[in-house]
1. Listed highest first by mean packing, meaning other Cβ atoms within 10 Å per residue, what order do 5-18, 32-45 come in?
2. What are the principal axis extents of the Cα atoms in the stretch 227-364, in Å, biggest first?
3. Calculated from DSSP H runs of 4 or more alone, at -39500 (n - 2.57) each and per residue, what is the 222 nm mean residue ellipticity of the chain, nearest 500?
4. Scale the Cα Rg of the stretch 28-117 by the rule-of-thumb value 2.2 N^0.38 Å and send over the ratio, two decimals.
5. Tell me, in nm to one decimal, what length is gained between Gln336 and Glu4 on full extension, where the rule is 0.36 nm per residue of separation less the Cα-Cα distance?
6. Counting only other residues whose beta carbon sits under 15 Å from that of Arg33, what net charge do I get with K and R as +1, D and E as -1?
7. Which values of log₁₀ I(q)/I(0), to two decimal places, follow from the Debye formula for the stretch 241-301 at q = 0.15 Å⁻¹ with a uniform point scatterer at every Cα?
8. Rounding to the nearest 10 and keeping the result within 0 to 90°, find how far the Cα-based axis of helix 366-378 lies from the longest principal axis of the chain.
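Read-outs: derived from the displayed coordinates by stated rules, not from any lab. Predicted model only: the values in this text are computed from it and were never measured. Glycine gets a Cβ as well: all are built from the backbone with ideal geometry, and neighbour counts include every protein chain shown.
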Amino acid sequence: MNLELSEEQAAVRRLAEDFVAREVVPYAAAWDRAESVDRGIVKKLGALGFLGLTIPEEYGGSGGDHLAYCLVTEELGRGDSSVRGIVSVSLGLVAKTIAHWGSEEQKRSWLPRLTSGEALGCFGLTEPGTGSDAGNLATRAVPDGDGYLVNGSKMFITNGTWADVVLLFARTGDAPGHRGVSAFLVPTDTPGLSRRPIHGKLGLRGQATAEVVLQDVRLPAHALLGPEGKGFSIAMSALAKGRMSVAAGCVGIARAALDAAVAYAGQREQFGRSIAHYQLVQELISDISVDLDAARLLTWRVADLIDRGEEFATAASKAKLFASEAAVRAANNALQVYGGYGYIDEYPVGKLVRDARVMTLYEGTSQIQKLIIGRAETGVSAF
Ligand code: FAD
């Protein structure tokens, strides 16, 4: 793998760095307190092409490869994980899945709006009763005239209250377990679809998270995405790439933690010298630095495998597992460097700790990633 960035990759990273410095970092703490980013950020992300990375230009995308996507995601994650998550879901889980599995009509109808930021997407897999065991979901889509009648509910849906379209997973037919699941594109103004905001999250507070309820929702046949019964494979392929994006966001958190810890250690004085002089403080900083490098290399490896058209799912689970745990450690170490001030909202590291924590939970918990990696190594499924 070539670790040198191409001119295009370096340029897109500079663009993202500049955008995050101007449009994200100055506002992130206020958005966190207000429990909402400024929604105008979505159109700005679209105007720069950040919501269209890897999507073909003929559908409004900005092209680029998966390493460029990782670079932008790292920058956004460094600035504010809530903003990073909006992109990871609308582009990474929804638009990319439509680009891969959608009919020509579905691509023409949704991709230009999603990539420009005119519309947002959300990913409706988790339910109140099924999280890790997603293939067991209970939402049903039964035949109804030419289309389907859907009933059920989806839990913890990122972008939920803001989204214009839900990539919805529901059970069709009688096939048991994950074989009976299909994917649908459901506009959120469809009668019978309602959303309940979920407040009081520990982190990612600037992001809209919701329960999405479907009560007698009528869908036309053309709402089906990909073949009937293929929905679980579609969800798993979306999540495999999504894990790369979560990992890149975690690299961003680790970088923010390193920058904050180094700056504070250099200016805070105790026992007559800056605390950067003390070996135990340097150990905290050194641990963040190693975690950051290792997480970034594992993440870039996934991007490289995808761009070369090679199998990447296990590598994505390894990157997501390591980077999410590394982000939690890095944020926690940075807080330790800040001492008591780290515990106060006025300083940036408390938010990093809160934002990092969910990374080990969603898009497959750390335990689920270990089962995926263990299955790949042993050939035995422990699910
Ligand atoms: P459970 O599955 O109930 O797990 C509870 C515990 O049991 C965990 O520690 C888990 O690791 C462990 N466990 C479960 N099964 C096993 C096993 N076989 N072996 C060992 N340990 C096991 N979902 C979406 O569909 N779309 C979204 O946009 C989305 N956004 C989210 C945003 C936030 C802020 C949060 C918190 C969640 C979001 N989720 C979303 C849901 C998320 O993916 C789930 O929370 C996650 O998959 C875990 O499911 P669960 O919460 O039901 O936990």
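1. Numbers: 5-18: 15.1, 32-45: 17.2.
Highest-to-lowest ranking by the protection proxy: 32-45, 5-18.
2. That gives 68, 28, 16 Å along the principal axes, largest extent first.
3. Computed ellipticity for the chain at 222 nm equals -15500 deg cm²/dmol.
4. Numbers: Rg = 13.1 Å, N = 90, 2.2 N^0.38 = 12.2 Å.
With N residues counted in the stretch 28-117, Rg over 2.2 N^0.38 Å equals 1.08.
5. On the way: separation 332, 0.36 × 332 = 119.52 nm, distance 3.37 nm.
Gain on extension, Gln336 to Glu4, equals 116.2 nm.
6. Once all neighbours under 15 Å are counted, the net charge is -3.
7. Once normalised to I(0) and log-transformed, intensities are -0.51.
8. Computed tilt is about 80 degrees.
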